[in-house]
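Everything on this sheet refers to the single structure shown next.
Only the coordinates and a few stated rules stand behind these numbers; no lab work does. Here the structure is a predicted model, which is why all the values come from computation and not from measurement. Note: ideal-geometry Cβ built from the backbone for every residue, glycine included; neighbour counts use all protein chains shown.
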Amino acid sequence: MTSVYLLIKAKKDHKKDLIESLKQIKELIEINETFGVYNFVAKIESNDSEKLRDIVVWKIKILDSVKSVFVLKEIT
């Protein structure tokens with residue numbers, strides 16, 4: 001299983017919308033609200049690294065409520 005951590009910055013006044021959208025992604029394991037530059041830390045998992053890339057690019061980065069995403073791949 002491969003894991004990716006995402007540092008996500010929401011657009012102004014869109015945090016609630018973003019959380020609801022992210023919860024619809026079945027590969028999402030965990031999401032936590034944070035203080036600082038990023039609003040959320042999320043963890044997604046899959047057996048396939050390509051699928052993880054597709055999730056980040058085609059399911060998360062394209063959301064209207066997302067301002068930016070920083071991706072951290074877990075080292076095993």
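Computed quantities for the displayed model
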item	result
Residue among VAL71, VAL4, VAL37 that alone is in contact with a strand residue (DSSP E or B) (Cβ under 9 Å, 6 or more places away or on another chain), in a loop (DSSP other than H, G, I, E, B) and at negative phi	VAL37
Top-ranked residue of the stretch 44-62 - restricted to ones that are touching a strand residue (DSSP E or B) at 6+ places or on another chain (Cβ under 9 Å) and not in a helix (DSSP H, G or I), ranked as surrounded by the most Cβ atoms within 10 Å (Cβ to Cβ)	ILE44
Meets criteria (touching a Lys or Arg at 6+ places or on another chain (Cβ under 9 Å) and charged (D, E, K, R)) for LYS16	no
Those residues of the stretch 7-21 which are part of a helix (DSSP H, G or I) and in contact with a strand residue (DSSP E or B) (Cβ under 6 Å, 6 or more places away or on another chain), in sequence order	LEU18
Residue within the stretch 36-43 that is closer than 11 Å to SER3 by Cα, buried (at least 16 other Cβ atoms within 10 Å of the Cβ) and in contact with a helix residue (DSSP H, G or I) (Cβ under 8 Å, 6 or more places away or on another chain) present	yes
Complete set of residues in the stretch 36-71 that are touching a residue at least 60 places away in the same chain (Cβ under 8 Å) and under 17 Å from ILE25 (Cβ atoms)	VAL69, VAL71
